[in-house]
Amino acid sequence: MGLSWAHVLGDAFSAVEFMNMLGQAVARYGLGQPTGLVHSHTKATTPNSPQKVIDDPLSIKRVGPVGDHWVNVTKCKMEAFSFNVTPTQLSHLQSKLSPNGTQFGAFEALSAVIWQCIAKIRGEKWDSNVVTICKGSEQSKTCDGNLSNSQVVSVVKANFPILDVNPSELASLVQNWALDEREKIEEAMERDGGLPDFIIYGAKLTFVNLEDARFYEFEYRGQRPVSVSYKIEGVGEEGAVLVLPGPKGDGEGRSVMAILPENEINELKLELKREGLMA
């Protein structure tokens, strides 16, 4: 069973809740109050923030008009591939990145290693020092029946060469130094009257944290999913990496979906094998 929808309307967490409520409706469970479509409260609470932003935020990119298709057309062909990271592989990776006792989550550890792997592939021609981080907001975790586009969009900047640093430094940046850009994005939309088209996924290399999405709570006529995948179309040339819960019965493993220029896929697979994340 699948669902296709536009991220203009809602984020991945709302898509998951929609599917879960669909299963409940088919089973004729009581759904309570009608689902609300709420306005996305994207304004951040950063004190003394500037009222006007001259440049576009780092996390978004202007693209040509997409019209009614709502999908960006890229200059190169993008390809998606997925792989599963077992609990053993993940535990080994986290231990390797935590020599001094610093604990990194699965998302932070995977993002750091894949960030560096992609930097190795693209070399010095690529500005690898800025990436975008997307994750669910506290609002998206309440499961209160409101569907919205309320995920947090942040950027992480590194002031050192990505290729030469220990991946634990990158994991620390992702975990502790992500700068929320929601307010800047909203100001950019208001400044241009909402007329131009922008992309977030792939404007910069984008890591999407879907660990908390309730994919495996979907039930349809007594059946629950064994494996769930999530893919984004129209990703920009910088690419996107999605981290999801692992297949049912896989314990604390993760499923990773990478969407990148097709000429980078084989090289990334080789780098991931060297890191012990692929067989």
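The values are calculated or read from the model by the stated rules, or taken from the named source; none is laboratory data. Fair warning: this is a prediction, and the values are worked out from it, not measured in the lab. Reconstructed Cβ throughout: ideal geometry from the backbone, glycine too, with neighbour counts over all protein chains shown.
Within the range 57-109, take every residue that is acidic (D, E) and out of contact with any strand residue (DSSP E or B) (no Cβ under 7 Å at 6 or more places or on another chain) and give me the one that is modelled with the lowest pLDDT.
So the residue we want is D68.
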For the range 170-206, name all the residues that are in contact (Cβ under 8 Å) with a residue 40 or more places away in the chain, surrounded by fewer than 21 Cβ atoms within 10 Å (Cβ to Cβ) and among the charged types (D, E, K, R). D180, E183, E186, E187, R191, D197
Residue among E211, E275 that is over 15 Å from the mean Cα position of the chain (by Cα) and surrounded by fewer than 20 Cβ atoms within 10 Å (Cβ to Cβ): E275
Note: among V228, V243, just one is touching a strand residue (DSSP E or B) at 6+ places or on another chain (Cβ under 6 Å) and of a type in the set (V, I, T), namely V243
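Has the range 201-217 got at least one residue that is assigned to a strand (DSSP E or B) and over 27 Å from L272 (Cα atoms)?
No, the range 201-217 contains no residue that is assigned to a strand (DSSP E or B) and over 27 Å from L272 (Cα atoms).
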Give the range 238-253 a look and list any residue that's assigned to a loop (DSSP other than H, G, I, E, B) and surrounded by 15 or more Cβ atoms within 10 Å (Cβ to Cβ), or say none. E238, G239, G246, P247, D250, G253
Going residue by residue through the range 188-205, is there one that turns out to be touching a Pro at 6+ places or on another chain (Cβ under 8 Å) and more than 21 Å from P57 (Cβ to Cβ)? no
Residues in the range 263-278: is at least one of a type in the set (D, E), more than 25 Å from I118 (Cα to Cα) and part of a loop (DSSP other than H, G, I, E, B)? no
